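One structure is given here, and the rest of the page talks about it.
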Amino acid sequence: MDWNDDGLLDIIVGDRNGYVNYFRRTSNDAITLTTMPDITCGGVTIDCGYNSSPAITDWDEDGDLDMLLGTQDGYVRLYLNDGGDSQPVFNSYTNIMSGGSNIYHYRNCPRVYDLDQDGRKDLICGANDYYVYYYQNTGTNSSPSFSGWERIAYKYSGMRLWIDDWNEDGLPDMLTSDYNGYVWMWIQENTAVGDEQAPILPRALAASRNPFDASVVISASGFGPGSIRVFDLSGRAVVNEPFDGSFAWNGAGAANGTYLVRVEDADGASTLRLVKL
């Protein structure tokens, strides 16, 4: 984003230590960035403890840039700009709320995007508990409000995300990364205008490690409550359990080889091939 309104794109990024870093672009011809002082609030360097995650947007639609800040503590801070376009100034912050309570997801990574394409900015939060949470804006574009969340993606711990139309089909898609270092692409299949329907992302299965040796966690996104079965190559079910998003299989006593995982709910089934070493 153009933080100082000089026509050049700058970088605002969080870090492990809880600060918000500002890198100013100084050239149109070459991508040259200058390290600037960290972002402050009330004249004091912002320090949220650990793992700051800023999102820059015009939250109140007054024509200048504001900042949302995800924190390791789990809250989403809102810093409204009391300065102008060329020199943002923050003097205080409030926590974003949903249904009268502070939004909370440990190691919160917030992003602002009109995910349901109804003309109002929504809030999407990656979290350390393997999920991405979608908060639909039930207020207005200049005064967002939220009354609950829906889980829209599930992979591994430390979910971080970015929203964009990856395949240029007119629908917002999502990139996520995680603590294990993977980057995942989520292509949105349909959307609805208004409050009729939340966005739908693809159903997917994943394993915490594959191949695995003793234990493995099977996770799913886009599935409701159902069942999980694990079959060996002879077709014998070695696991047959209820499933609600995640299942830890201790396969230490199972023979080495290939297994087929089948997760099923009311909308159908998906399979995943596992290899035990």
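The values are calculated or read from the model by the stated rules, or taken from the named source; none is laboratory data. Computed from a prediction, not measured in an experiment: that's the story for all the values here. When we count neighbours, we look across all protein chains shown, and the Cβ atoms used for this are built from the backbone with ideal geometry, even at glycine. We work out accessible area using only protein heavy atoms, side chains counted, and drop any ligands, DNA or RNA first. Shrake-Rupley method; radii C 1.70, N 1.55, O 1.52, S 1.80 Å.
Of these, ASP29, ASP38, which one is under 20 Å from ASN81 (Cβ atoms), in a loop (DSSP other than H, G, I, E, B) and charged (D, E, K, R)?
The unique qualifying residue is ASP38.
Residue pairs, Cβ under 6 Å, 6 or more apart or interchain, first in segment 36-59 and over 15 Å from ASN91 (Cβ atoms) and free of Cβ contacts under 8 Å to residues at least 60 places away in the same chain, second of a type in the set (S, T, N, Q) and open to solvent by 60 Å² or more (accessible area, probe 1.4 Å). List them.
ASP38/THR45
Inside segment 54-75, can you point out the residues that are within 16 Å of the chain's Cα centre (by Cα), polar (S, T, N, Q) and over 15 Å from MET97 (Cα atoms)?
GLN72
Scanning for something among the basic types (Lys, Arg) and farther than 30 Å from GLY7 by Cβ, does segment 88-107 turn up at least one residue?
Scanning segment 88-107 turns up at least one residue that is among the basic types (Lys, Arg) and farther than 30 Å from GLY7 by Cβ.
Being open to solvent by 60 Å² or more (accessible area, probe 1.4 Å) and assigned to a strand (DSSP E or B) is the filter here; which residues of segment 171-186 pass it?
VAL183, TRP184, MET185
For segment 75-88, state whether one or more residues are outside any loop (DSSP other than H, G, I, E, B), touching a strand residue (DSSP E or B) at 6+ places or on another chain (Cβ under 9 Å), open to solvent by 10 Å² or more (accessible area, probe 1.4 Å) and among the β-branched types (Val, Ile, Thr). Talk me through it step by step, then tell me what you get.
The first filter runs over segment 75-88 and keeps only residues outside any loop (DSSP other than H, G, I, E, B), leaving 76-79.
Next, only the ones that are touching a strand residue (DSSP E or B) at 6+ places or on another chain (Cβ under 9 Å) stay: 76-79.
Narrowing further to those that are open to solvent by 10 Å² or more (accessible area, probe 1.4 Å): 77-78.
Right, trim to among the β-branched types (Val, Ile, Thr) and you get none.
No, there is no match, as no residue in segment 75-88 is outside any loop (DSSP other than H, G, I, E, B), touching a strand residue (DSSP E or B) at 6+ places or on another chain (Cβ under 9 Å), open to solvent by 10 Å² or more (accessible area, probe 1.4 Å) and among the β-branched types (Val, Ile, Thr).
How about segment 89-129: which of its residues are part of a loop (DSSP other than H, G, I, E, B), among the charged types (D, E, K, R) and either open to solvent by 60 Å² or more (accessible area, probe 1.4 Å) or farther than 23 Å from ASP38 by Cβ (or both)?
Going through segment 89-129, the residues part of a loop (DSSP other than H, G, I, E, B) turn out to be 89-93, 96, 99-100, 103-108, 114-121, 127-129.
Still in the list and also among the charged types (D, E, K, R): 107, 114, 116, 118, 120-121, 129.
Matches in segment 89-129: ASP114, ASP116, ASP118, ARG120, LYS121, ASP129.
Of everything in segment 116-150, what is in contact (Cβ under 8 Å) with a residue 60 or more places away in the chain and not small (Gly, Ala, Ser)? Give them in sequence order.
Listed by number, the residues that qualify are ASP116, GLN117, ASP118, LYS121, TYR130, TYR134, GLN136, ASN141, PRO144.
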